[in-house]
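Asker: The structure's right below; bear with me while I get my questions together.
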Amino acid sequence: MKFLCQIWFDTEKSKLVPQTEWDALTQECITSDNRWRESGHLLVALALHEPSTAITVRLRNGETFATDGPFAEIKEHLGGFVLIEAENIEEAKTIVSSFPILKYCSIEVRPTYSIQDGK
């Protein structure tokens, strides 16, 4: 099974972390990602730029509109995502529990399915 792991940061708290700490964490994450990639569990791992760099696209009355910034003002922001392969949600939880980034965020683990297959 594939699981999408969404990495959520408290926006205000994450701004207080010193850059040297983020740099050290980045190296830990690279090492961890490589280990899980080599084991065949990690399929994709990507970080996201700040929410202020986003655009939001909507379809209203048959017309497409794009606005600058995120969809909504929220206390937390999506900072990245990881797609993993695991036997079940328990194994996915074990894998995610080892991610160094967990010290600074919460990670939502959600099973995926193919809309074509419905599974």
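The values are calculated or read from the model by the stated rules, or taken from the named source; none is laboratory data. Not measured: the values here are computed from a predicted model. Glycine gets a Cβ as well: all are built from the backbone with ideal geometry, and neighbour counts include every protein chain shown. Keep in mind that these areas ignore ligands, DNA and RNA; they rest on the heavy atoms of the full protein, side chains included. Shrake-Rupley method; radii C 1.70, N 1.55, O 1.52, S 1.80 Å.
Asker: What residue among 84, 107, 55 has the largest mean-square fluctuation in a Gaussian network model of the chain, using Cα springs under 10 Å?
Answerer: Among 84, 107, 55, the largest GNM mean-square fluctuation belongs to 55.
Asker: Sticking with this structure for a sec: Compute the accessible area per residue over the chain, keeping the other protein chains in place, probe 1.4 Å, unit Å².
Answerer: Details: 8530 Å² over 119 residues.
Per residue, the chain has an accessible area of 72 Å².
Asker: In region 64-119, carbon and sulfur make up what percent of the accessible area (probe 1.4 Å)?
Answerer: Numbers: 2150 of 3950 Å².
Roughly 54 percent of what the probe reaches on region 64-119 is carbon or sulfur.
Asker: Build a GNM of the chain with springs between Cα atoms under 10 Å: which of 11, 64, 56 gets the top mean-square fluctuation?
Answerer: Evaluated over the chain, the most mobile residue of the options is 64.
Asker: Next up: Below 24 Å, Cα to Cα, which lysines can residue 103 reach? Residues fewer than 8 away in the same chain don't count.
Answerer: By straight Cα distance, residue 103 reaches 2, 13, 15, 75, 93.
Asker: Here's a follow-up. Sort region 45-85 into rounded, prolate or oblate with this rule: let a ≥ b ≥ c be the square roots of the eigenvalues of the Cα gyration tensor; rounded if a/c is under 1.5, and if a/c is not under 1.5, prolate when a/b is larger than b/c, oblate otherwise.
Answerer: Note, shape of region 45-85 comes out prolate.
Asker: Still on this structure: I want to verify a result. In a Gaussian network model of the chain, Cα cutoff 10 Å, which of these has the top mean-square fluctuation: 100, 18, 51?
Answerer: Judging by the Gaussian network model, the answer is 18.
Asker: What is the magnitude of the charge dipole of the chain about its Cα centre, with +1 placed on the Cβ of each Lys and Arg, -1 on the Cβ of each Asp and Glu, and no other charges, expressed in debye to the nearest 20?
Answerer: That gives the chain a dipole magnitude of about 200 debye.
Asker: I've got another one for you. What accessible area, in Å² to the nearest ten, does a 1.4 Å probe give for residue 109?
Answerer: Accessible area, nearest 10 Å²: 40 Å².
Asker: Consider the candidate values (1) 168; (2) 128; (3) 92; state which one is volume of the Cα convex hull per residue in Å³ computed from the structure displayed.
Answerer: The listed entry that was calculated here is (2).
Asker: I would also like to ask the following. Once every DSSP H run of n ≥ 4 in the chain is given -39500 (n - 2.57) and the sum is divided by its residues, what mean residue ellipticity at 222 nm do you get, rounded to the nearest 500 deg cm²/dmol?
Answerer: Working: 3 runs with 34 residues, N = 119.
For the chain, the value works out to -8500 deg cm²/dmol.
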